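J.: I'd like to ask some things about the structure below.
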């Protein structure tokens, strides 16, 4: 039986828009096992990105608990949360967020500049991360010299380089053609299978969701089967 890496209990998020209150998440309870590739589906506005952002420590709930590896991230202050994110979570977004004037290797290295690692150690980890996503031979290429799928795989390497247990991906194939999307989803699958990473991916695409080991649906802030 796998350990539970994410434990969510009665999680609620309410946004105030003027005098109107919008419930993005309504008393969500969910367990995610270590080594799972969870596809989180739902229409636009269903609360799936909000849930992902709370798990990753970039948003806070209105009430409820969200424990990640035993730490209730809702109880951490901003400084603790920033440290916790840097050590425990890798982020992949729909837009690749690569810096155009930096090479693939330099983009991947960015999160390591916040660590105590020396230059040689950083270079080793960057090489390993690029190798894992099959781009060791593209280390010195600038983003504009890469395909969309390769750019997103560089972004995956950047998410991986600090060796986090948890990788969160928000519509990672949203800007890609079907061939590039397949490349990226296969890379995520191999991270789970070969590196034991836990992956939580938000998507509205059933084909992308099918790459996960489990699919759950959000509908108007509530989990549905």
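The values are calculated or read from the model by the stated rules, or taken from the named source; none is laboratory data. Just so you know, these numbers come straight off a predicted model, no measurement behind them. As a convention, Cβ positions derive from the backbone with ideal geometry for all residues, glycine included, and neighbour counts pool all protein chains shown.
J.: Which residue out of 160, 114 is surrounded by fewer than 19 Cβ atoms within 10 Å (Cβ to Cβ) and either modelled with pLDDT of 90 or more or touching a helix residue (DSSP H, G or I) at 6+ places or on another chain (Cβ under 6 Å) (or both)?
T.: Within the list 160, 114, the selection yields 114.
J.: Also: Go through 90, 196 for me and flag whichever is under 19 Å from residue 34 (Cα atoms), surrounded by fewer than 18 Cβ atoms within 10 Å (Cβ to Cβ) and in contact (Cβ under 8 Å) with a residue 24 or more places away in the chain.
T.: It is 196.
J.: From the residues in region 11-40 that are assigned to a loop (DSSP other than H, G, I, E, B) and in contact (Cβ under 8 Å) with a residue 12 or more places away in the chain, which one is surrounded by the most Cβ atoms within 10 Å (Cβ to Cβ)?
T.: 36
J.: Please go through (1) assigned to a loop (DSSP other than H, G, I, E, B); (2) touching a helix residue (DSSP H, G or I) at 6+ places or on another chain (Cβ under 9 Å) for residue 8 and return the number of the only condition it doesn't satisfy.
T.: Of everything listed in (1) assigned to a loop (DSSP other than H, G, I, E, B); (2) touching a helix residue (DSSP H, G or I) at 6+ places or on another chain (Cβ under 9 Å), residue 8 misses just condition (1).
J.: Within region 151-162, does at least one residue satisfy the condition of being outside any helix (DSSP H, G or I) and out of contact with any strand residue (DSSP E or B) (no Cβ under 6 Å at 6 or more places or on another chain)?
T.: yes
J.: Are any residues in region 45-86 farther than 26 Å from residue 203 by Cβ and either in a helix (DSSP H, G or I) or touching a strand residue (DSSP E or B) at 6+ places or on another chain (Cβ under 8 Å) (or both), and if so, which ones? If you could, list the steps in order and put the result at the bottom.
T.: So in region 45-86, the residues farther than 26 Å from residue 203 by Cβ come out as 63, 70-72, 75-80, 82-83.
Correct list: 63, 72, 75, 78, 79, 80, 82, 83.
J.: Conditions: (1) surrounded by 15 or more Cβ atoms within 10 Å (Cβ to Cβ); (2) at pLDDT below 95; (3) over 17 Å from the mean Cα position of the chain (by Cα); (4) closer than 29 Å to residue 73 by Cα. Residue 134 meets all but one. Number of the miss?
T.: (4)
J.: Go through region 95-111 and give me each residue that's crowded, with 18+ Cβ neighbours inside 10 Å and either assigned to a loop (DSSP other than H, G, I, E, B) or out of contact with any helix residue (DSSP H, G or I) (no Cβ under 9 Å at 6 or more places or on another chain) (or both).
T.: Hits for region 95-111 are 96, 98, 103.
J.: Test residue 209 against the criterion of being surrounded by fewer than 22 Cβ atoms within 10 Å (Cβ to Cβ) and closer than 21 Å to residue 56 by Cα, and give yes or no.
T.: Spelling it out, residue 209 is indeed surrounded by fewer than 22 Cβ atoms within 10 Å (Cβ to Cβ) and closer than 21 Å to residue 56 by Cα.
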